[in-house]
Structures are given as structure tokens and as C-alpha cells.
Amino acid sequence: MSPIDPEKLNSVLATDCGSTTTKAILIERRGSEYRLIVRGEAPTTVEAPFEDVTRGVLNAIMEVEELAGRKILDGERIITPQKGTEGVDLYISTSSAGGGLQMMVSGVVKSMTGESAQRAALGAGAIVMDVIASNDGRLPHEKIKRIRHLRPDMILLSGGVDGGTTSHVAEMAELLAAADPKARLGAGYELPVIYAGNKDAVGIVKERLGKKVALVITDNLRPVLERENLGPARDKIHDLFMEHVMAHAPGYRKLMTWSPVPIMPTPGAVGLIIETIAREGGIQVIGVDIGGATTDVFSVFQGVFNRTVSANLGMSYSVSNVLAEAGLANILRWVPFEIEERDLRNRIKNKMIRPTTIPQSLEELIIEQAIAREALRLAFEQHKSLAVGLKGVQQERTISDTFEQTQSGETLVRLDQLDLLVGSGGVLSHAPRRAQAALMMLDAFLPEHVTELAVDSIFMMPQLGVLSTVHPRAAKEVFEKDCLIRLGSAVAPVGPGRDGVTALSVTLEMPGGKREELSVPYGYLRLIPLELGETAKATLRPEKGLDVGEGKGRERVVTLKGGVVGLMFDARGRQPFRLPEDRAARIAKLNQWNEALSIYPPRDAAKISEANLRPVEAGA
């Protein structure tokens, strides 16, 4: 296959096969830049009765044809390269249909090589079903039973530093051999197992596993305690995903022949674009992709990329798991009206049974967004617990770095250093009002000090991630101009305070020389309109005990960026953030916040009030 010349690409068709929906986008060169032209979507067809993912892909492409008014398909074949106004120069795709890439990982010590293996798998776009380790507290027969029961797509075996002891690696290899695991898809092929551990144990691993599994050897992912080397293992995971897993999924073998670029797991593609944003902007970024079955969180802090996937937190297939993990009370606390627990539980179960349905009323929308807040919050908590410094490392310190260096095992995610928070996935990208997406992210992530918020306009980050491997400039141009919707800057003082007492005083120097003075009471939100592309110089004066980035009670001067929502001043408290325990007070407070950000149009807000809600207080 001839190499792709990026400069000769005038049109690109990209699809993302999700667990519920297959999305297709058409990108064209317009003058000297690349822009999104149209987007189409169709239900994913990986399950019965079709059991062929290409049916959903073709349906999504047909919608693109209709919207763009041009021919792309010749029967069931994509016309490529482009001929006149027909066809496209390149077709690319990502996929998480059929459950995505499901893996088990193992290491000698759970909190060291086990966590390194987990980070390698997560970074490659996998769902980690379990971590098996010598010291995980389970008996050998329990581990064997677990391996047989889960039936992963792939196993990553790691353990030991180069030159260290090999006995524990041999033990893990013997456990795998005894379990003799069978793959989830495809009964007639061997399960792929990647060994990325102590190089001195390669012979032992080959002897124990070579005849039972499709064994691949790669570089140790923890060659020394002080350093991780995750790249080679991630590359092997991706290669084997294409060669083994995708090839056995319904219709994927056919789909793979349509594109000269390997199909990439959706989470891995989103991770690529998040890394690109952080690297090119020199900023600290958190991204989240909330889907029907999983919620993925990505972060880049101090140049270190981390990704976690919460396989049981999603908005359709996994919505009941959100209820189970968060608890009914935590979901109810975000609902600004009276609803019986039984009614809420039934609505959530109905969503799981009918995963492709969307809210048909304002009440249903509010409940869905309440569930989303908890799914995002729980996924972010899991991410912070995994995105940590290396454990088991002895560090030498001098007086100068005592207060700067991240300790072993401490989270790398620092909300006080966060520059940009990006939301993606249906519930955020398709929120009827952008302010709703902004408030969901504020409530779930609780960003501190000064943070810019953004959302993926129509959920095309996966397609742009895979495009960046072929044509980085095109991916960046479409991302900046058509994908990323900048909502505006959020300012959030950190520290305790008393409700209603001034927490933050602000002087804003707005465009055109206009000057505004603003006072934000503790426990309240304030919104100041500032258009997309505009900036305002802000002098922030927090009250004693509150911090906006310069220390408690200390003034800070910053440049705030506008957006489609505007400047958001969030004085609702951090560390801790609490909602009133009294039901009536909680509902009133939620309505205050909704009113402050114009979350619902006045007509709909009035309907909520009529539905037995406490009216929004004037001036809130």
C-alpha cells in the first residue's frame, strides 16, 4: 500500500463506531485550510440481527451523502480517491463498538508494576477488567477462576525490574498457563498475551506460555523502579487489537479493508487529540468523554499523559451502574424538583433497557443531567487515584524541592494548576444549552482558581485523533475551528465561607474600555457575558481565608477568556463543596444556580416552578 501524502488530501471521510451510534464526518480542504462540511449518524449494527458493523457505517455515510449533496458510495464501496465531486481521498475510522478492547493486566506488586501495566493498557484505549498481582490477597485458585470467568480480549503480563528476581514472574506465568483462558471473540484462535516484564524472565515465560497462547515479547514497562517505559507495550496492545480482536468482531475484517490507516480504539484516538492540545499549547488539560457504556478521563499535567476508563459508568448501557455506585441520594441531590425515589429508579432502569432513547421532556433532561454529574464525578475520582507518581521509589530531596516535587504515589492531577477542561460525549456535546454543559462540568469536576471550559461541538474528537496520525495540520485546524466550543473562563475561590457573605470582589476591564465591578457572595454563581474571542483583564480580590491562586486573601490579576457562555464566577466553595441537607433549601439553591447561568429558557423555568418547585428567589 502506497504511503499517504497529506498534502494531496482534499477530502477525508472519518467514522467512529460507538457502542450505540456510528458517527461519520466529512472534512474538505477549503482554500488553504481544512474544515468540517457535514456530519451524519446511524445506529451501530454490531449486534443481532445485523451482526455486521459495516451496515451502520454505510448508513451513516449515506446520511453524509444526502447532507453534502455529493456521491461518496458506489453500491457498498467508498469511492476513493476523489474523482471530480465524487468520492473522497481518504477513509479512516475509530471504534469502541462490541464493548471495545477488554484486557486483564498482571504485575508482581499491585501498587507498582501492576499499576504501571494498568496505565499502559488504559493509555492504549483498553478497558481494564482486573489487575492480577502476587500480593493482591487472592489465593491461586481464585485468580485462576477469575481469569477463566472474565474472558478478556488480551492479557498484559508484567513484573520485576530488569536484572531482578524472576520467581514472581514465573508464578504469574504458571497461573496463566493453569487458567488456559479463552478469548471473548473467536473460538478458534489463541488469546494474545503480551509480556513486558523483567527481560531475564523471557525464557521462563516462553517455556510456560509459548504453546498455550499467542505470546508477544516487548520491552519491560518498568525497567528500573524510578522510570516507566510504557510506549512499547502500548504499541503492541494496539497492533494485537487490530490483528486479533478487531479481525474477529462482526464485520470488522471487511471494514479494515476499506481504510489504509489502522482502525484505532476510540479512547486511544481521543487521548491523542488531548495530548496534542496540551503539548502545542504548553498547558495542563483534563478531557472527559462520557459515552453510553463507559466514561473516559484524560489528563496531561507537567507533560505526563494519563487516561482512565470507568467501564461501568455510562449514560445508557451502564446507567444502572451509575445508580448503584453513586447511590440514589447523590443523584437526587441534583434534581431541583420533587420526585419519588421509585419514579427515579424506574426512569433509570428504562434508560438501560432502551439505551438509544433521548429525553423527551424537560423533566427527563434534568434527570439525565443529574445522572451525568455523578458519572463524571465518580470517573474523575477513579482517574485521580490512578494518575499518580511512581510508587516504591526512594527519592532524594534537597530543601529547595521539598515543597515542589510530587511524592511517590501522590496524584498528578492538580485542579489548582488546570488550564483547560474539555467535555465530550452525547450528554455534554448535545446539551440543548451550552450553559448546561458548563454547569455539569463545574459541578462534577469542581475546578479551582481560574480554568477555561470547552466542549466538543458534535463529538468528533475520536475521528480527529486518528486523522492526526496522518495529517496533524488538518486535524488541528478542524479541532480549533469546528470541534472545540469554548464556553468561557471559570473563576472559583478555594476555601470555607459563610453563605451569602461576600467571597470575591472583581474589577473587570472589558473590551471597548468598559469597566465593571462585581461582588460574588459565598454559595452563589455569577455570569458576566463576554463574547467568544474576547478577553477581559480581571483583578480578583478574595476575602480572608479564600484563595484564587496567589494565596489566602491575596489579590490576583489575570486575563479571562470569553466564550459562548461567558465568564463564570463560582463562589460555591471548594474543599469541601456541600449542598444544603434540607430538601427545600437544596431545591432553592439549585434553582438559584440554574437561574444565574440561564440554564433553562424563562418559559421552561416557569414550567419547572409550576411542577411543585420552590420559586427562584429574586436577585439570585
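The values are calculated or read from the model by the stated rules, or taken from the named source; none is laboratory data. This structure is a prediction, so every number in the text was calculated from the model and none was measured. Cβ atoms come from the backbone with ideal geometry, glycine included; neighbour counts cover every protein chain shown.
Quick check: is even one residue across region 272-289 surrounded by 24 or more Cβ atoms within 10 Å (Cβ to Cβ), polar (S, T, N, Q) and farther than 21 Å from Thr469 by Cβ? There is no residue in region 272-289 that is surrounded by 24 or more Cβ atoms within 10 Å (Cβ to Cβ), polar (S, T, N, Q) and farther than 21 Å from Thr469 by Cβ. Checked against the criterion of being of a type outside the set (A, V, I, L, M, F, W, C), assigned to a helix (DSSP H, G or I), farther than 18 Å from Glu381 by Cα and touching a residue at least 40 places away in the same chain (Cβ under 8 Å), region 428-448 has at least one qualifying residue.
Quick one: would you say Phe305 is assigned to a strand (DSSP E or B) and surrounded by 22 or more Cβ atoms within 10 Å (Cβ to Cβ)? Spelling it out, it is not the case that Phe305 is assigned to a strand (DSSP E or B) and surrounded by 22 or more Cβ atoms within 10 Å (Cβ to Cβ). For region 138-166, a residue qualifies if it is more than 25 Å from Lys199 (Cα to Cα), part of a helix (DSSP H, G or I) and among the aliphatic types (A, V, I, L, M), and exactly one does: Leu150.
Only one of the listed residues (Ile274, Ile263) is under 28 Å from Thr451 (Cβ atoms) and touching a residue at least 40 places away in the same chain (Cβ under 8 Å). That residue is Ile274.
Whenever a residue of region 492-507 is over 17 Å from Gln575 (Cα atoms), its partners that are among the aromatic types (Phe, Trp, Tyr) and in a strand (DSSP E or B), lying with C-beta atoms within less than 7 angstrom and at least six residues away or across chains, give the pairs Val506/Phe569. Based on what the data block shows, is Glu509 assigned by TED's automatic domain parsing to the domain that holds Gly549, in contact with a helix residue (DSSP H, G or I) (Cβ under 7 Å, 6 or more places away or on another chain), acidic (Asp, Glu) and surrounded by 14 or more Cβ atoms within 10 Å (Cβ to Cβ)? Criteria not met by Glu509.
Only residues that are touching a helix residue (DSSP H, G or I) at 6+ places or on another chain (Cβ under 6 Å) and more than 16 Å from Ala293 (Cβ to Cβ): list them for region 4-26, please. Answer for region 4-26, where residues must be touching a helix residue (DSSP H, G or I) at 6+ places or on another chain (Cβ under 6 Å) and more than 16 Å from Ala293 (Cβ to Cβ): Ala14, Thr15, Ala24, Ile25, Leu26.
Taking (1) surrounded by fewer than 19 Cβ atoms within 10 Å (Cβ to Cβ); (2) touching a residue at least 60 places away in the same chain (Cβ under 8 Å); (3) on the phi > 0 side of the Ramachandran plot in turn, Gly251 satisfies each apart from (1). When you look at Ile4, is it surrounded by fewer than 21 Cβ atoms within 10 Å (Cβ to Cβ), among the aliphatic types (A, V, I, L, M) and part of a loop (DSSP other than H, G, I, E, B), yes or no? It is true that Ile4 is surrounded by fewer than 21 Cβ atoms within 10 Å (Cβ to Cβ), among the aliphatic types (A, V, I, L, M) and part of a loop (DSSP other than H, G, I, E, B). Looking across region 216-236 at every residue that is assigned to a loop (DSSP other than H, G, I, E, B) and closer than 16 Å to Val193 by Cβ, the one that is modelled with the lowest pLDDT is identified as Leu221.
Residues checked against (1) not in a strand (DSSP E or B); (2) not polar (S, T, N, Q):
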| site | (1), (2) |
| --- | --- |
| Thr45 | yes, no |
| Phe50 | yes, yes |
| Arg55 | yes, yes |
| Leu58 | yes, yes |
| Glu65 | yes, yes |
| Lys71 | yes, yes |
| Thr80 | yes, no |
| Tyr91 | no, yes |
| Thr94 | no, no |
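Scanning region 528-542 for residues being in contact (Cβ under 8 Å) with a residue 40 or more places away in the chain and buried (at least 17 other Cβ atoms within 10 Å of the Cβ) gives a total of 5.
Considering only residues that are surrounded by 19 or more Cβ atoms within 10 Å (Cβ to Cβ) and not aliphatic (A, V, I, L, M), which ones fall in region 477-494? Residues satisfying the conditions are Glu477, Phe479, Asp482, Cys483, Arg486, Gly488, Ser489, Pro493. Among the residues of region 202-219, those identified as over 19 Å from Met104 (Cβ atoms) and either in contact (Cβ under 8 Å) with a residue 40 or more places away in the chain or among the β-branched types (Val, Ile, Thr) (or both) are Val202, Ile204.
Residue-level check: of (1) assigned to a helix (DSSP H, G or I); (2) within 30 Å of Leu579 (Cβ to Cβ); (3) within 19 Å of the chain's Cα centre (by Cα); (4) among the aliphatic types (A, V, I, L, M), Val297 misses just (1).
Tell me, yes or no, whether region 319-332 has at least one residue that is part of a loop (DSSP other than H, G, I, E, B) and at pLDDT 90 or above. Yes, region 319-332 has at least one match. Scanning region 571-601 for residues that are assigned to a helix (DSSP H, G or I) and polar (S, T, N, Q) returns Asn591, Gln592, Asn594. For region 555-570, filtering for residues that are surrounded by fewer than 22 Cβ atoms within 10 Å (Cβ to Cβ), under 28 Å from the mean Cα position of the chain (by Cα), in contact (Cβ under 8 Å) with a residue 40 or more places away in the chain and outside any loop (DSSP other than H, G, I, E, B) leaves 1.
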